[in-house]
Each structure stands twice: as C-alpha cells, then as structure tokens.
Amino acid sequence: MTTPTREVLHDRLGDAARAWLDAALAEAGAAPGGATDDDTPTAPSSPPAWEQHFASAGRHCGQEHADAARVLLLREARADAATLTRLYRQGTAAERRAVLLALPHLQLAPADGVPLVEDALRTNDTRLVAAAVGPYAAEHLDPHAWRHALLKCLFTGVPVDAAARLGQRAHGDAELARMLGDYAAERTAAGRPVPADLHRVLALTSRTEES
C-alpha cells in the first residue's frame, strides 16, 4: 500500500471528515513524541487522546480511507515501538493492519517492528498476512523468516504480489526453491491443486543462465 499524503487524502474526504482529520493530526502532533518543535520526550501516565482517534478513524473517514488516516496519525505522533505494540495488541484487525502498514513509514530502531510482523504471520487473517509482507518485512526479515512468510501467503491464498521486493529476495534462493518444491509435492500427493503463484515464485528463484 502506498499511503496517500495528507493533501491527497484531503481531496478524497468530505468536509466533516477533513475537519476531523485535521483536528486528530493536530492532537497527534502535539502529543509527547509527536511532530512538534519540542522534541523532549515525556512519558504520559495514560494513552494520549490521539489514540482514540486512531481507533475511530473508520467511523469518521470511512473504511476505505481508514488505513491511510491511521498511518498518517502514527507518523504525526512519531509512534515508537512501545506505542505500536500497545495499539497492535489491543486493536481490532483493522487497527492491527494499519500498524503493520505504518511500519516502513516510521523512524524505528532496526527490527523494532519484527515481532509484530511475526505475530501477524502466525494468524490466518489474510488482511494481516498481506500487510505483514510489505516493505518492512522485505527490509528486516531474515531469509528464514521471509521464506516462511512467502509460504504463508501460499497457504492462506494471499497473492504473492503483496510481498514487497519479491523478485529481488527470491532471486537465486535455492532453499526457497526446495521449500516450494516440497510444498508442491505435498499438495499433489494430497490431490490438491498447486497454487499458480507457487510456480511464479519458483521461476524467480532460478538464476538467469549466462550464455
């Protein structure tokens, strides 16, 4: 998912939704750690008010724009790993998806979001699996975890096109080719069809032979 900018999202929202978004983003920017001129961190005793807006974004902006609004809120608040983890653990599936989509847009320490990606990949929720294999996973999952993430897409029917940098990471990966071959053999032995996406990825693992 390419997250729209604030200006683009504005153009897609009605007047009431735009006003709500502006107010919510202002609160997020003013929260400790948010995008203000004062970067001195403080530890609030309770979750800041903008997190309520994060939860209610779908109601105000519509479900089709909720992901974008939530990602913008997380960016404006400069959400850290602890905040993201809390929002993910306590959130609905839609809120968890937004946290996953926001990961590549936030200034996190390397691999801070990996536990959230790994948790999403343990579910069978295709919305979470698709969000989990985006740019953040492509950048931070080690080869073993990334291979299993790709197999998870095949298991759950998530199109492998959801996996960011698919061609780059699959290219020449002999171990991935072996795993795909084993999975195809298991499906065939059980009388089940082999997903077409599997053949696509298997072809990507082959190195182009030089003449």
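Mean residue ellipticity at 222 nm, helices only, the chain: -19000 deg cm²/dmol; runs of at least 4 DSSP H residues each add -39,500 (n - 2.57), and the sum is divided by the number of residues.
Segment V194..R178, full-extension length gain: 4.3 nm, with 0.36 nm per residue of separation and the alpha-carbon distance subtracted. Volume per residue for the chain equals 151 cubic angstrom (convex hull of Cα atoms). Computed with a 1.4 Å probe on the full set of protein chains, the accessible area for C61 sits at about 10 Å².
Local charge for M179 was computed over the other residues whose Cβ lies under 11 Å away, with Lys and Arg +1 and Asp and Glu -1, and equals -2. In this Cβ point-charge picture (+1 for Lys and Arg, -1 for Asp and Glu), the chain has a dipole of about 680 debye about its Cα centre. Accessible surface of T126, taken over heavy atoms with a 1.4 Å probe and every protein chain present, rounds to 60 Å². Computed with a 1.4 Å probe over protein heavy atoms only, the accessible surface of the chain comes to 53 Å² per residue.
Hey, if you put +1 on the Cβ of every Lys and Arg and -1 on every Asp and Glu Cβ in the chain, which of L9, L141, W50 ends up farthest toward the positive end of that dipole? Result: L141.
Set the Cα radius of gyration of the stretch 43-105 against 2.2 N^0.38 Å, with N its number of residues, and you get 1.00. In this simple spin-label model, placing a label point 7 Å from the Cα along the Cα-to-Cβ direction at both R165 and D15 gives a separation of 4.6 nm.
The values are calculated or read from the model by the stated rules, or taken from the named source; none is laboratory data. Keep in mind that this is a model prediction, so the values were computed, not measured. Every residue, glycine as well, gets a Cβ built from its backbone with ideal geometry; the counts of neighbours run over all protein chains shown. What goes into the accessible areas is simple: the full protein's heavy atoms, side chains included, and nothing from ligands, DNA or RNA. Shrake-Rupley method; radii C 1.70, N 1.55, O 1.52, S 1.80 Å.
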